[in-house]
Amino acid sequence: MVREGRIVGDTDRTYVVCRVGSIGSTWDTKRLEHRSAQVVESRVPVWEFEFKAPADAEIQVRVYDATSDEVLGEVIVRTSELGEEREYELSSRDGSRVTMLGGECVERHVVETATSWWEGARRLASLFGDESLSYRASMAALGASFALPCGHETDPSSSFFDAQSSSGGDSSFPHLRNSVSYSAHAKCKRLLAELGNRIVEGDVERQNFLGFAMLNSRLWPEVPWHCMGLGAPPEIHAWIRPLLCEIFGPSGRWRPCLVAERARDFFRGRGRVDVPADLRAWTTKVLHEISLGVRLTDAEALEFIEFQQRALAAAMVPEGALVSRAVEAAIGLDEILAFKRQWLGRHRAAVLMTVPALRARDEHEIEYFLSCVLDALVFAGGQSVPTVLGFAICVPYSAWGEANLPPSFSLDDMTLHGSYVWETIRRFPPVAGFCYFEKSRRRPIFCNLRQAQRDPRVWGDVTFYLRPEKDYDQHMIGFAEFAVAPSLASPQSRSCPAKALTFHMISAFLKEFASSAAHVGHERLWRPFSASSSRSGESKPLEPRDIVPTSFGITPPLVLLKDMDVVDPPLAEPVVDPSSSMIPRHRHRANRFNLDVDAHTKLFIGVVQSTVDPSDRPKSLDVPAIFDDSVEDDAWRAPFAGLKLLKVDEDRPTGPFARLARIAFFRTSSMALDFSENNLAYFASNSEAAACAEETFGPYLPDGYVSWPHLATDRGLVDLVVAGVGAWYLRARKEEEEEETDHAVPDGAFFEANVEYIGKYETRPPWKTYGATLYLDRDLQPVGIWSCHRSHLAAPRDDAWDEAKADFRMSLGTSLTLRDHLAVTHWIVANGLARATRAAFTATHPLRRLLKQFTFLTASVNDAAKDMLLPERSLGHRTFGLTWSAWVSYFTDVFEAWVWIPLPEKIQRAGLPQDLLDRWPLAQDGLRLWHTFERYVGAYLSVFYDDDDDDDGKRVDADPEICAFWSHFETQFDTPWNLPALSLNTLRVFLADLIWHVTAGHELHGAIVEYINAPDGFCGKLAEGRLVPDIQSQAQALIVIALTGTRQPGLCNDWTHLFQDTGWPADKSQAVLDVVRQFQVDLDDLANNIDERNEDRAFRGERRVTNFNPRVLETSVSV
């Protein structure tokens, strides 16, 4: 060991390099090198690092100035001469010395160093008035030993335990009253096996211990026993334990495929892994999703980790110290408890969905259970999984790994991962001890699981050794495996239920880590760097000697950076091919989206790549409880139909200068850049198109939940109008329409999807005229397509059939985007709802609160959309083929033709036969969702309003704000909505329909990325004789999707924060919260129901449909 130094001179930043070689060898020929960490601001530096060296070797020690890397001096000594601590004078430096020791003296010194903490900790504990001074001192000494580097067969912590134990492993450590600890595997196994029965008999209790650490009670005000769930009274633990196993147990809510997918998600596109920060964040996100069904954002995960680390530190503070407000303030106790209260309230609805059995429990019991879940995320798996992951990934990079891992071991060999994970847990156990309290003898019993996992009487060779996995199944004790009574889910079992989950999380992460470097090896691809230096941009690599395993984890924090210089060219990966099965993805050196588009399109490709953040996933708490009444008059007036759009958003106001800058950018780019639509270029194949799209737009496109790879086929066309977005236009033909149609109709036509209305609008050359109708027979087989461009009826097997199908796809996609999505969903429904809500309702009005989430950011979304899409030569105008006059006429006509028809009536008007309705997704899924909204609105209104025939009660038509809201829709633009007379029933139906349109309707009409990302899907315009769009048109469509596909908070979320601080009576406030929470439960039930129907559809060979699944939907319109 090189322990410390005494430096003469003006430098105070030093480090030591030691090289080991044969006696008489030179510095350059000594090959085995060890390096200390830097010590700064000290002329008496304590380097304190040890290493192994042969008994007949020579050690050459050089001390360096860390600022200049200048050698300050050196000393050469034989290993055989090292023993007791001794000073050695450095050459070339007057008076400078280093202190070294060797042999058995190194281990003795480590133990003495740890034990020397005892007295200081004892005095510190006395300041707190704590009764267990010896215990606090013991824990401080143990902590000191944990912080020292791990050894080969043993660690400083093991030596510390051994120094305090008898030959049989018994000890009074950690000196808590008359405590006793046991280290022998057999003894610990027997005690754990007896625990369940002893708890039932009332002889023992768990109390508030985490390993050897005795936690204070102040962090658990929400449960009457004031400690972790592990210490819950037996009668409480009896019903909580089985439910926890339903979440975390081997047959719990998690599945290996989900864990594997989340590991793949982590490494997808990642070039940097921060250890331990990223490992903690990944673990936190996975455990939240498993336990609560909640997908955290990166920011939310980091926020939770900060709380986790603060809570752990605060829980360790002695109980006696917390009588002082100064101590409470120093540890931030109030902030910690505030976050905990917020977390418990936020996830109540979520836990009811993940554990339906809780719905039979009362409010207090639900909170007890949720507190136990939080304990698991903060103190159990949330700590242990990232710790073990850090060891598993970083040990192979360390000098310890070079010396102790099997010679042939590599993380790249995935067949070794199973034994490697278990051996890592055995050798570096994240849980040191298991404690319980014997009432009869009034003493705590500690099972030293850490030492039991190193008991040579069971494990034999206790060095790092990859054993058969059956040995770990038989002997592993680090999860308190033997504390079952008699099974894992038994009421009084105390073993960790998440052992299998822990193994799968670590294994899946290692597999993806190795897979990311499958062709070059992880040690070549992922290079370790100092965390601090990499953030500062210095990219300072770490050597194996710099990466040190301690019993606490890997030190120092480090970063693994992907070395792109060693990456082979990307191999083929599957990408959906619309015309065949799968195609390879490869990087096109000359991406045609960069070559064959005009300057305007290139500019907006850059806008996509610089502004779209694929990781931005807002949550419900991002929707603020802000209700601004002062913005109704500040509206933008459209050049048609008297439309007015809100300009100022109450949720995220945009300043006037920012708005002007945005408008100036869009206007300047539209007018100044060439509007070139000549010399059209086309992809050579769908493969080339898909590869270029993936390279240019892949990370920036919104999620697609299903794929539509065969839209150009007849079967794909039928699926499009039955199960896909075209279902919005599907209806049965009526007999009276035969005579009204002014063109030929194919024989046998029973159903149609008609978008001929758009055929009257003029298009720019060289683009085709829009407008087409698809005809299907009674068996839903295509029998013809009328094309307005060619004024021709094409039948299957005609030469013009493929072109007619392309015309229909172009017309349908254009109508859905311009009319149903942009004009109706955004500018009529969402804008109308936002305007009426803010104009009519005060901040505390019940409907203002109800509608808040459904109008979130609507004003800013619509304001930005009209600047980007509406003006002449704008991105929207260029994406589609209409002339400017036709563009204005089109939107004018859409607004003039507006008629509000509730969804149930629209489905009824389609006239479809019952056998089709019984399996039609729009009717089965979409209508069920509509009725879920209707029940929610009805239940909410019933809290505040009475039935219409109750003359003595509070009626909606007597509420002046609701009346103002109702009448507002008649004057929003030139065409009135013509709403029926206001009543409780009509209000319920109207609000349910509006909510459906801004959630499911927006998803149906707007989330069409899967229909556009292939050339033979939807397109904005087609040139004469072409079946697919040109490269520029394809790029423009993808740009629009990328820029308008940013996420809003999910519909399935906890929205209770919007209904707080209302001034409502307590009974109404609670009733509202119950309704809001029940709504989430109903959405979850519906989502499960839709999942089951999708399984049935797949079994019948039909398409799965996700448009109406509440777990997919966002709470408001997005752009």
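The values are calculated or read from the model by the stated rules, or taken from the named source; none is laboratory data. Here the structure is a predicted model, which is why all the values come from computation and not from measurement. Cβ atoms come from the backbone with ideal geometry, glycine included; neighbour counts cover every protein chain shown. All accessible areas refer to the heavy atoms of the entire protein, side chains included, with ligands and DNA or RNA removed. Shrake-Rupley method; radii C 1.70, N 1.55, O 1.52, S 1.80 Å.
Laid out as a table, the results:
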| quantity | calculated |
| --- | --- |
| Subset tally (residues that are aliphatic (A, V, I, L, M) and open to solvent by 10 Å² or more (accessible area, probe 1.4 Å)) for segment 987-1001 | 1 |
| Pair list, Cβ under 8 Å, 6 or more apart: segment 319-335 residue at positive phi, other residue in a helix (DSSP H, G or I) | G332/R310; G332/A314 |
| Test: A1071 is surrounded by fewer than 17 Cβ atoms within 10 Å (Cβ to Cβ) and not acidic (D, E) | no |
| Residue check for A834: in contact with a strand residue (DSSP E or B) (Cβ under 8 Å, 6 or more places away or on another chain) and under 30 Å from A964 (Cα atoms) | yes |
| Pick from segment 706-730, criterion in contact (Cβ under 8 Å) with a residue 12 or more places away in the chain and surrounded by fewer than 16 Cβ atoms within 10 Å (Cβ to Cβ), ranking: nearest to S811 (Cα to Cα) | D714 |
| Number of the exception - P407 against (1) closer than 30 Å to V273 by Cβ; (2) in contact (Cβ under 8 Å) with a residue 12 or more places away in the chain; (3) out of contact with any Gly (no Cβ under 8 Å at 6 or more places or on another chain) | (2) |
| Which listed residue, of P386, P396, P406, P356, is modelled with pLDDT under 90 and either open to solvent by 10 Å² or more (accessible area, probe 1.4 Å) or out of contact with any Phe, Trp or Tyr (no Cβ under 6 Å at 6 or more places or on another chain) (or both) | P406 |
| Those residues of segment 154-187 which are among the small types (G, A, S), assigned to a helix (DSSP H, G or I) and within 21 Å of P444 (Cβ to Cβ), in sequence order | S157, A163, A186 |
| Single residue of D622, D633 found to be modelled with pLDDT under 85, open to solvent by 40 Å² or more (accessible area, probe 1.4 Å) and either under 18 Å from V1040 (Cα atoms) or over 31 Å from the mean Cα position of the chain (by Cα) (or both) | D633 |
| Qualifying residue in segment 850-870 (condition: over 30 Å from S676 (Cβ atoms), small (G, A, S), assigned to a helix (DSSP H, G or I) and without any contact (Cβ under 8 Å) to a residue 24 or more places away in the chain) | no |
| Within segment 750-762, tally of residues that are touching a helix residue (DSSP H, G or I) at 6+ places or on another chain (Cβ under 7 Å) and assigned to a strand (DSSP E or B) | 2 |
| Count - residues of segment 352-379 that are within 23 Å of the chain's Cα centre (by Cα), under 20 Å from C496 (Cβ atoms) and in a helix (DSSP H, G or I) | 10 |
| Some residue of segment 881-904 being exposed (fewer than 15 other Cβ atoms within 10 Å of the Cβ), charged (D, E, K, R), touching a strand residue (DSSP E or B) at 6+ places or on another chain (Cβ under 9 Å) and in contact (Cβ under 8 Å) with a residue 60 or more places away in the chain | no |
| Checklist (1) under 35 Å from the mean Cα position of the chain (by Cα); (2) surrounded by fewer than 20 Cβ atoms within 10 Å (Cβ to Cβ); (3) touching a residue at least 12 places away in the same chain (Cβ under 8 Å) applied to F675, failing item | (1) |
| Some residue of segment 502-519 being within 25 Å of F446 (Cβ to Cβ) and in contact with a Ser or Thr (Cβ under 8 Å, 6 or more places away or on another chain) | yes |
| Helices (runs of 4 or more DSSP H) within segment 947-1049 that include 2 or more residues within 40 Å of the chain's Cα centre (by Cα) and over 25 Å from T763 (Cα atoms) | 960-968, 984-996, 1002-1006 |
| Extreme residue, modelled with the highest pLDDT, among residues of segment 69-84 that are surrounded by fewer than 16 Cβ atoms within 10 Å (Cβ to Cβ) and within 53 Å of the chain's Cα centre (by Cα) | E70 |
| Pair list, Cβ under 7 Å, 6 or more apart: segment 680-691 residue under 20 Å from K1021 (Cβ atoms), other residue in a helix (DSSP H, G or I) and among the aliphatic types (A, V, I, L, M) | A681/I1031; Y682/I1031; F683/A689; F683/I1031 |
| Which numbered condition N178 fails, given (1) open to solvent by 40 Å² or more (accessible area, probe 1.4 Å); (2) at pLDDT 90 or above | (2) |
| Any strands (runs of 3 or more DSSP E) falling wholly within segment 23-88 and containing at least 2 residues that are at negative phi and in contact (Cβ under 8 Å) with a residue 60 or more places away in the chain | 32-35 |
| Residue pairs meeting the criteria (Cβ under 8 Å; at least 6 apart or on separate chains; first within 15 Å of R206 (Cβ to Cβ), in segment 444-458; second polar (S, T, N, Q) and buried (at least 18 other Cβ atoms within 10 Å of the Cβ)) | P444/S179; I445/S179; I445/S181; F446/S179; F446/S181; C447/S181 |
| Segment 963-974, residues that are more than 22 Å from T999 (Cβ to Cβ), open to solvent by less than 60 Å² (accessible area, probe 1.4 Å) and not small (G, A, S) | C963, E970, F973 |
| Test: residue in segment 916-934 that is outside any helix (DSSP H, G or I), open to solvent by 10 Å² or more (accessible area, probe 1.4 Å) and not basic (K, R) | yes |
| Which numbered condition N831 misses (of (1) in contact with a Leu (Cβ under 6 Å, 6 or more places away or on another chain); (2) assigned to a loop (DSSP other than H, G, I, E, B); (3) among the polar types (S, T, N, Q)) | (2) |
| Qualifying residue in segment 511-523 (condition: out of contact with any Asp or Glu (no Cβ under 8 Å at 6 or more places or on another chain), open to solvent by less than 40 Å² (accessible area, probe 1.4 Å) and not in a loop (DSSP other than H, G, I, E, B)) | yes |
| Filter result for the condition that a residue is among the charged types (D, E, K, R), in contact with an Asp or Glu (Cβ under 9 Å, 6 or more places away or on another chain), open to solvent by 10 Å² or more (accessible area, probe 1.4 Å) and not in a loop (DSSP other than H, G, I, E, B), over R878, R838 | R838 |
| Every residue from segment 306-320 that is open to solvent by less than 20 Å² (accessible area, probe 1.4 Å) and either under 16 Å from G211 (Cβ atoms) or under 23 Å from the mean Cα position of the chain (by Cα) (or both) | F307, Q308, A311, A315 |
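Table: residues versus (1) surrounded by fewer than 19 Cβ atoms within 10 Å (Cβ to Cβ); (2) more than 27 Å from S145 (Cα to Cα).
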{"position": "G5", "(1), (2)": "no, no"}
{"position": "G21", "(1), (2)": "no, yes"}
{"position": "S42", "(1), (2)": "yes, no"}
{"position": "F51", "(1), (2)": "no, no"}
{"position": "A55", "(1), (2)": "yes, no"}
{"position": "T67", "(1), (2)": "yes, yes"}
